[in-house]
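For reference, the structure is listed below as structure tokens.
The values are calculated or read from the model by the stated rules, or taken from the named source; none is laboratory data. Being a predicted model, the structure only gives us computed values, none of them experimental. Positions of Cβ are backbone-derived with ideal geometry, glycine not excepted, and every protein chain shown enters the neighbour counts. Surface accessibility is based on the protein's heavy atoms, side chains included, excluding ligands, DNA and RNA. Shrake-Rupley method; radii C 1.70, N 1.55, O 1.52, S 1.80 Å.
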Amino acid sequence: MVTKLYLVIPCYNEEEVLPETSKRLLLKIKTLQETKRISDESRIVFVDDGSKDSTWKLIKKYHSENSTFSGIKLSKNKGHQNALLAGLAAVSELADAVISLDADLQDDINAIDKMLEKFENGNDIVYGVRSSRKKDTFFKRFTAEGFYKIMSFLGADIVFNHADYRLMSTRALQGLLEYKEVNLFLRGIVPLIGYKSDIVSYERSERFAGESKYPLRKMLSFAFEGITSLSVKPIRMIFSVGIIIFLISIIAMIYCLGSYLTGNTISGWTSLIMSIWLLGGLQLIAVGMIGEYIGKVYLETKARPKFIIEEFLH
Ligand code: UDP
Ligand code: MG
């Protein structure tokens, strides 16, 4: 069976890159079709994330010229993650495998061949991993790699240096769609789905035209979203800090009483300092306790699937 492959590409104000991107992707798809790697019904799906420039006009033009191109237009700008999910949801029933990638082709499209190969060998999810970030600015590299490290420290199971360039099979996609949460952080959720997976590494290159749609402000809010939507560890940290301060308060108490008894204090200092330490610690412990329950409520409201069945023999 030849794979029916769909490429899903979220686009936000990408008129500068689309002409080149569509050309390169079409060439890639044609080559794969000629060598019978993918079926003739394979598609390139652009998702217009409420662009303000002529992005949608271009997508419509490509679609009318060549039926390999499809387009989805969102009613307004909803952000990269939601645009991507919209595209994945729309094609989940149509394709055998879906690859998501960025419109600027910073992620090497030649990795598609290797992804397909791993898919054919029985992997449901194939992660594209950046082997080096030489072409990224020092700042981007530093912040991005720091982000992956903080995430894994906080216990979120994410693939190091993997962004949203990945192949997913139909059933993996259907698993993903079971996650109904609103605060969506795809690259953190995909590993939770399970199934056999593998990685393909590639070199990340520069954006060939246009500007990054992720300014520092968006990057920070993205990172914060990732951490708070995947981990309740920060709440536990409040609790631990509370305990530590409470223990310090005991030491402080001994010190204060010692100073008081040796007459090294002015009146009122001892009781004041002791209360500050003790209350600070107790309050943090209390906040941590409440947080623990809020964390539980938070996880419950996500209503994540408790399991996904891979096979059922009967
Ligand atoms: N994007 C989107 N909606 C947004 C911001 C970005 O669909 O609100 C798309 C954008 O068009 C691109 C991808 O997300 O295809 C990644 O954006 P970009 O290349 O600017 O990010 P960077 O590579 O700088 O992290
Ligand atoms: Mg980019």
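Summarise the accessible area of the range 126-278 (1.4 Å probe, protein heavy atoms) by the percent that is carbon and sulfur.
Here it works out to 67 percent.
Heavy-atom accessible area of Arg37 with all protein chains present, probe 1.4 Å, nearest 10 Å²?
Roll a 1.4 Å probe over it and Arg37 shows about 60 Å².
Step by step: find N for the range 153-262, compute 2.2 N^0.38 Å, then divide the Cα radius of gyration by it. What's the final number?
The value comes to 1.72.
Applying the Karplus parametrisation 6.51 cos²θ - 1.76 cosθ + 1.60 with θ = phi - 60° to the phi angles of the range 105-119, what ³J(HN,Hα) value in whole Hz is obtained for each residue in order, glycine and proline being reported as x?
Going residue by residue, I get 6, 5, 9, 4, 6, 6, 5, 4, 4, 5, 4, 4, 4, 5, 5 Hz, with x marking Gly and Pro.
Relative contact order (percent) for the chain, with alpha-carbon contacts under 8 angstrom and 6 or more residues of separation?
This gives 18 percent for the chain.
Can you tell me the 0 to 90 degree angle between the C-alpha axis of helix 269-302 and the longest principal axis of the chain, rounded to 10?
It works out to around 30 degrees.
Given H placed on each backbone N at 1.01 Å, which residues far from Val45 in sequence or on other chains put an amide H within less than 5 Å of it?
When sequence neighbours closer than 5 places are left aside, the close amide H contacts are Leu7, Val8, Ile9, Ser70.
Shape verdict for the range 207-252, please, from the Cα gyration tensor: rounded (a/c under 1.5), prolate (a/b greater than b/c) or oblate.
It comes out prolate by the Cα gyration axes.
With the Cα gyration tensor of the chain in hand, give its eigenvalues times 5 under a square root as the equivalent ellipsoid semi-axes, listed largest first in whole angstrom.
Rounded to whole Å, the semi-axes are 50, 22, 17.
Any chance you could give the angle, 0 to 90 degrees and rounded to 10, that helix 138-153 forms with the longest Cα principal axis of the chain?
Helix 138-153 and the main axis of the chain meet at about 70 degrees.
If you average the alpha carbon positions of the range 279-314 and of the range 1-56, how far apart do those two centres end up, in angstrom?
39
Relative to 2.2 N^0.38 Å, what does the C-alpha radius of gyration of the range 93-218 come to as a ratio? Two decimals please.
It is 1.07.
Any chance you could give the angle, 0 to 90 degrees and rounded to 10, that helix 18-34 forms with the longest Cα principal axis of the chain?
Once rounded, the angle reads 60 degrees.
Can you grab the distance from the C-alpha centre of the range 172-234 to the C-alpha centre of the range 73-137, Å, no decimals?
What the calculation gives is 11 Å, centre to centre.
For the chain, modelled as a Gaussian network with Cα springs under 10 Å, which listed residue fluctuates most, Ser201, Ser240, Ser169?
Checking each option, the largest mean-square fluctuation is seen for Ser240.
Placing unit charges on C-beta atoms (Lys and Arg positive, Asp and Glu negative, everything else neutral), compute the dipole magnitude of the chain about its Cα centre in debye, rounded to 20.
440
With only Lys, Arg, Asp and Glu charged, each at its Cβ (+1 for the first two, -1 for the last two), find how big the charge dipole of the range 203-311 is about the Cα centre; round to the nearest 20 debye.
180
Please give the FRET efficiency for Met1 paired with Leu27, using the beta carbon to beta carbon distance and R0 = 30 Å, rounded to the nearest 0.05.
Working from the Cβ atoms, E equals 0.80.
Add +1 for every Lys or Arg and -1 for every Asp or Glu among the other residues with Cβ under 12 Å from the Cβ of Ser67, and state the total.
Around Ser67, the surrounding residues sum to -2.
Give me, ordered by chain and number, the residues 5 or more places off Ser92 or on other chains with an amide H under 5 Å from its own placed amide H.
none
Principal axis extents for the range 1-96, Cα atoms only, whole Å, descending order, please.
Here the Cα extents, ordered largest to smallest, are 39, 26, 19 Å.
Rolling a 1.4 Å sphere over the protein heavy atoms, what is the accessible area per residue of the range 177-228, to the nearest Å²?
Using a 1.4 Å probe on heavy atoms only, each residue of the range 177-228 averages 55 Å².
Amide H of Ile199: which non-local residues (sequence gap of 5 or more, or other chain) have their own amide H closer than 5 Å, using H built in the peptide plane?
Tyr127
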